[in-house]
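What follows is a single structure, and I will ask about it in a moment.
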């Protein structure tokens with residue numbers, strides 16, 4: 001149970017950074033934290049005490065494997081996370097070029 | 001047949017950068033070709049499904065469900081794929097002339113193709129995680145497209161949209177992880193069976209709540225709507241049309257109703273609280289967004305708020321949850337996709353020819369831009385539910401459903417705010433198109449041909465869905481509503497037996 005609660009806390013920590021931080025880079029870090037929390041949750045879901053990595057070396061092995069499916073999912077979601085983080089950082093760079101600040105309270109040309 | 005909906009736009013996305021090295025115009029040609037082909041597929045798919053000749057389940061790589069990843073093509077998917085491509089093609093056609101002001105034509109088309117691939121993929125996927133991946137493909141493409149102009153405002157709204165959208169995506173991913181932990185399967189049909197056998201536990205309510213928030217962000221329900229007006233304002237017009245007409249419906253409405261009705265197997269009698277929550281959210285969106293729309297001075301922002309309120313109608317219909325209300329909600333998905341796509345394209349056509357978005361600066365455009373003006377008028381009438389148009393029938397069915405469920409207040413609100421919709425759209429029509437003819441010199445010209453073709457195409461669709469509502473109901477909407485109202489048929493169809 002403890003690892004799951006830790007994941008949730010990490011998730012909420014990231015959400016806190018996104019909602020309350022004013023610096024764009026910190027928001028992106030918060031976003032990465034949330035993403036890692038979910039990935040970690042996936043890894044914990046597949047985890048099993050005392051089991052080995054799911055590599056079949058010979059038929060008829062009797063040892064327990066950890067669940068390999070969440071690991072495959074985590075790989076996919078890490079790649080997606082890479083793409084989104086890269087795009088966010090690209091946004092941050094272009095925004096800095098236009099506004100000369102990372103402070104979101106000063107980046108307000110749209111209203112309503 | 002089924003993978004082609006995803007493969008064709010994906011191939012287009014990768015071919016366009018390569019081919020446009022040979023000749024720049026090839027980007028337009030390939031992009032529009034893919035759009036046209038996809039419309040053909042979607043129409044063929046609907047016809048084949050009606051004739052019963054299409055295999056509804058495709059196992060990727062021959063791995064059978066529940067182990068393998070499946071693509072599922074049932075009536076609900078058919079409806080969603082149809083609107084995606086019916087709006088996608090005119091939007092692509094519109095783009096050919098719209099892009100004259102930008103450089104990097106092939107980048108735009110590539111991203112647009114990825115958006116189409118993602119949207120079709122979300123609709124077709126029968127696997128929970130796969131659906132998330134397609135949601136991300138569509139979403140990332142849309143973030144980049146919203147900020148395509150890379151001016152300061154566009155970057156600002158793009159970043160805002162991206163942060164909100166990604167929080168939504170992560171909430172969806174979190175709930176997918178918890179669902180997998182709960183059911184030990186990712187196949188939606190298999191998941192439905194496990195969830196049915198286990199009943200609703202506190203964990204499933206937590207998952208539902210997380211999903212509801214995630215999808216609400218994607219579909220811009222009222223407490224989570226703040227990204228939408230800015231994003232629609234800054235995005236290139238064909239992208240606004242796609243975002244408002246299709247994106248929020250596929251990623252929000254479709255994905256949510258698939259999960260709620262088919263995976264969790266919820267109906268109003270099982271979980272009245274959840275459905276009342278949907279009704280509440282729907283009403284909040286209808287009321288607040290309509291009131292916000294009235295005061296807008298910018299006609300594109302007005303349309304964006306109108307989208308929030310119209311999505312409220314769809315969620316209201318789903319929340320009422322009886323047969324007619326769901327028919328109405330799905331019909332509204334169809335009619336709103338076409339008409340809002342039309343209105344965004346028409347308003348961009350006005351902006352392109354006059355160079356302003358302020359309602360107060362325009363007037364009397366009807367004389368110089370007849371095609372744009374009249375398609376705007378017809379689109380507005382359909383949007384606000386004037387009888388011969390598609391919008392009338394969808395709202396009628398939602399109200400009929402509400403009365404049938406003895407929910408009189410939602411019915412009254414839905415009717416009343418439909419009139420308000422007409423009110424704020426008439427404000428635009430009257431000020432921009434008809435009165436104050438002296439405000440604009442006769443220099444304003446009608447938009448170029450591809451733009452007009454796209455507008456006429458969407459107007460014709462809005463009219464056709466209204467005048468031919470009987471066949472549309474029989475072939476497209478009723479079967480799709482049956483998928484949602486009899487929740488467990490989905491699992492049976494996919495897994496057999």
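Out of B:419, B:371, B:428, B:435, which single residue is in contact with a helix residue (DSSP H, G or I) (Cβ under 9 Å, 6 or more places away or on another chain) and surrounded by fewer than 19 Cβ atoms within 10 Å (Cβ to Cβ)? Steps first, please.
Values: B:419 fails: in contact with a helix residue (DSSP H, G or I) (Cβ under 9 Å, 6 or more places away or on another chain); B:428 fails: surrounded by fewer than 19 Cβ atoms within 10 Å (Cβ to Cβ); B:435 fails: in contact with a helix residue (DSSP H, G or I) (Cβ under 9 Å, 6 or more places away or on another chain).
So the residue among B:419, B:371, B:428, B:435 that is in contact with a helix residue (DSSP H, G or I) (Cβ under 9 Å, 6 or more places away or on another chain) and surrounded by fewer than 19 Cβ atoms within 10 Å (Cβ to Cβ) is B:371.
Across the stretch A:59-83, what is the number of residues that are within 10 Å of chain B (Cβ to nearest Cβ) and in a helix (DSSP H, G or I)? If you could, list the steps in order and put the result at the bottom.
Of all residues in the stretch A:59-83, those within 10 Å of chain B (Cβ to nearest Cβ) come to A:67, A:69-70, A:72-74, A:76-77, A:79-81, A:83.
Add one more test, that the residue is in a helix (DSSP H, G or I), and what stays is A:69-70, A:72-74, A:76-77, A:79-81, A:83.
Qualifying residue count, the stretch A:59-83: 11.
Report the residue count in the stretch A:7-28 for those that are surrounded by 15 or more Cβ atoms within 10 Å (Cβ to Cβ) and either within 10 Å of the chain's Cα centre (by Cα) or part of a helix (DSSP H, G or I) (or both).
11
Here's something else I'd like to know. Any idea how many residues of the stretch B:20-47 are assigned to a helix (DSSP H, G or I), without any contact (Cβ under 8 Å) to a residue 60 or more places away in the chain and more than 23 Å from the chain's Cα centre (by Cα)?
4
Now a separate question. Take residues that are more than 14 Å from every other protein chain (Cβ to nearest Cβ) and tell me which of the helices (runs of 4 or more DSSP H) falling wholly in the stretch B:74-177 contain 2 or more. Reasoning before the result, please.
Numbers: elements: B:75-98, B:105-124, B:128-146.
Qualifying helices (runs of 4 or more DSSP H): B:75-98, B:105-124.
When you check residue B:207 against the structure, is it modelled with pLDDT of 90 or more and under 17 Å from residue B:257 (Cβ atoms), yes or no? Reasoning before the result, please.
Values: modelled with pLDDT of 90 or more: yes; under 17 Å from residue B:257 (Cβ atoms): yes.
Spelling it out, residue B:207 is indeed modelled with pLDDT of 90 or more and under 17 Å from residue B:257 (Cβ atoms).
Under 7 Å between Cβ atoms, at least 6 apart or on separate chains: pull out the pairs that start in the stretch A:87-109 with a residue that is at pLDDT below 85 and end on any residue that is assigned to a helix (DSSP H, G or I).
Close Cβ pairs (under 7 Å, with a partner that is assigned to a helix (DSSP H, G or I)) amount to A:104/A:24; A:106/A:99; A:107/A:95; A:107/A:99; A:107/B:156; A:109/B:152; A:109/B:153; A:109/B:156.
Let me ask something else. Could you check, for the stretch B:453-470, whether at least one of its residues is within 22 Å of residue B:322 (Cβ to Cβ), in a helix (DSSP H, G or I) and at pLDDT 85 or above? Don't jump to the end; show me each part of the working.
Within the stretch B:453-470, the subset within 22 Å of residue B:322 (Cβ to Cβ) is B:469-470.
Next, from what is left, pick out any that are in a helix (DSSP H, G or I): B:469-470.
Adding the requirement that they be at pLDDT 85 or above leaves B:470.
Scanning the stretch B:453-470 turns up at least one residue that is within 22 Å of residue B:322 (Cβ to Cβ), in a helix (DSSP H, G or I) and at pLDDT 85 or above.
Wholly within the stretch B:186-235, which helices (runs of 4 or more DSSP H) include no fewer than the required count, namely at least 2 residues that are more than 26 Å from residue B:247 (Cα to Cα)?
Where helices (runs of 4 or more DSSP H) fall fully within the stretch B:186-235 and carry at least 2 residues being more than 26 Å from residue B:247 (Cα to Cα), they are B:188-198, B:202-219.
I'm trying to understand the selection: among the residues of the stretch B:345-362, which are part of a loop (DSSP other than H, G, I, E, B) and either at positive phi or surrounded by 24 or more Cβ atoms within 10 Å (Cβ to Cβ) (or both)? So that I can check it myself, show each step before the final result.
Looking only at the stretch B:345-362, we keep the residues that are part of a loop (DSSP other than H, G, I, E, B), and these are B:355-357, B:362.
Scanning the stretch B:345-362 gives a single hit, B:355.
So residue B:201 fits all but one of (1) surrounded by fewer than 24 Cβ atoms within 10 Å (Cβ to Cβ); (2) within 12 Å of chain A (Cβ to nearest Cβ); (3) under 30 Å from residue B:66 (Cβ atoms); what number is the exception?
It fails just one condition, (2).
On to the next question. Output the number of the condition that residue B:191 fails; it satisfies all remaining conditions of (1) out of contact with any strand residue (DSSP E or B) (no Cβ under 9 Å at 6 or more places or on another chain); (2) within 10 Å of another protein chain (Cβ to nearest Cβ); (3) in contact (Cβ under 8 Å) with a residue 12 or more places away in the chain; (4) farther than 19 Å from residue B:239 by Cβ.
(2)
Could you tell me which of the residues B:385, B:328, B:321 is touching a helix residue (DSSP H, G or I) at 6+ places or on another chain (Cβ under 9 Å), free of Cβ contacts under 8 Å to residues at least 60 places away in the same chain and crowded, with 24+ Cβ neighbours inside 10 Å?
Values: B:328 fails: free of Cβ contacts under 8 Å to residues at least 60 places away in the same chain; B:321 fails: free of Cβ contacts under 8 Å to residues at least 60 places away in the same chain.
After applying the criteria, what remains is B:385.
Continuing with this model, one more query. Scan the stretch A:84-101 and give yes if some residue there is within 22 Å of residue B:131 (Cβ to Cβ), within 8 Å of chain B (Cβ to nearest Cβ), in contact with a helix residue (DSSP H, G or I) (Cβ under 7 Å, 6 or more places away or on another chain) and assigned to a helix (DSSP H, G or I), otherwise no.
yes
Regarding residue B:181, is this residue within 9 Å of chain A (Cβ to nearest Cβ), within 19 Å of residue A:91 (Cα to Cα), in a helix (DSSP H, G or I) and touching a helix residue (DSSP H, G or I) at 6+ places or on another chain (Cβ under 7 Å)?
Values: within 9 Å of chain A (Cβ to nearest Cβ): yes; within 19 Å of residue A:91 (Cα to Cα): no; in a helix (DSSP H, G or I): yes; touching a helix residue (DSSP H, G or I) at 6+ places or on another chain (Cβ under 7 Å): yes.
No.
In this structure, does residue A:56 turn out to be more than 9 Å from chain B (Cβ to nearest Cβ), out of contact with any helix residue (DSSP H, G or I) (no Cβ under 9 Å at 6 or more places or on another chain), at negative phi and touching a residue at least 12 places away in the same chain (Cβ under 8 Å)?
On the way: more than 9 Å from chain B (Cβ to nearest Cβ): yes; out of contact with any helix residue (DSSP H, G or I) (no Cβ under 9 Å at 6 or more places or on another chain): yes; at negative phi: yes; touching a residue at least 12 places away in the same chain (Cβ under 8 Å): no.
Taking the combined requirement at face value, the residue does not satisfy it.
Do you know which of the residues in the stretch A:29-42 that are under 13 Å from residue B:163 (Cα atoms) and at the interface with chain B (Cβ under 8 Å from one of its Cβ atoms) is surrounded by the most Cβ atoms within 10 Å (Cβ to Cβ)?
That would be A:34.
The values are calculated or read from the model by the stated rules, or taken from the named source; none is laboratory data. Just so it is clear, the structure is predicted and the values come from calculations on it, not from any experiment. Cβ: placed from backbone, ideal geometry, glycine included. Neighbour counts: every protein chain shown.
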